[in-house]
1. Residue pairs, Cβ under 8 Å, 6 or more apart or interchain, first in the stretch 13-33 and closer than 13 Å to residue 48 by Cα, second surrounded by 15 or more Cβ atoms within 10 Å (Cβ to Cβ) and of a type in the set (Val, Ile, Thr). List them.
2. Just one of the numbered conditions (1) open to solvent by 70 Å² or more (accessible area, probe 1.4 Å); (2) within 10 Å of the chain's Cα centre (by Cα); (3) of a type in the set (Gly, Ala, Ser) is not true of residue 24; which one?
3. Spot the failing condition for residue 38; the list is (1) more than 9 Å from the chain's Cα centre (by Cα); (2) surrounded by 13 or more Cβ atoms within 10 Å (Cβ to Cβ); (3) hydrophobic (A, V, I, L, M, F, W, C), and only one is missed.
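The values are calculated or read from the model by the stated rules, or taken from the named source; none is laboratory data. Remember, it's a predicted structure, so these values are computed and weren't measured experimentally. Cβ: placed from backbone, ideal geometry, glycine included. Neighbour counts: every protein chain shown. Just the protein is used for accessible areas: all its heavy atoms, side chains included, with ligands, DNA and RNA removed. Shrake-Rupley method; radii C 1.70, N 1.55, O 1.52, S 1.80 Å.
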Amino acid sequence: MTEALKQIDSNPTLKALVIGGLKAGGTEALKKLVDHPLVNILLATLKGWQDVE
């Protein structure tokens with residue numbers, strides 16, 4: 001999960017797409033897409049990025 005966050009954070013285009021997708025689809029859609037127990041950590045990080053944007 002940490003590696004995925006590093007990859008997203010280091011790629012501004014991908015980061016913008018992920019944040020845009022999160023805004024459009026919401027967290028529940030992302031939870032269904034990423035079927036992994038650590039998805040809540042990912043979502044918290046993405047929400048932090050979204051709040052900064």
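1. Listed by first residue and then by second, the contacts come to 15/8; 18/8.
2. Of (1) open to solvent by 70 Å² or more (accessible area, probe 1.4 Å); (2) within 10 Å of the chain's Cα centre (by Cα); (3) of a type in the set (Gly, Ala, Ser), only one is false for residue 24: (2).
3. Going through (1) more than 9 Å from the chain's Cα centre (by Cα); (2) surrounded by 13 or more Cβ atoms within 10 Å (Cβ to Cβ); (3) hydrophobic (A, V, I, L, M, F, W, C) one by one, residue 38 breaks only (2).
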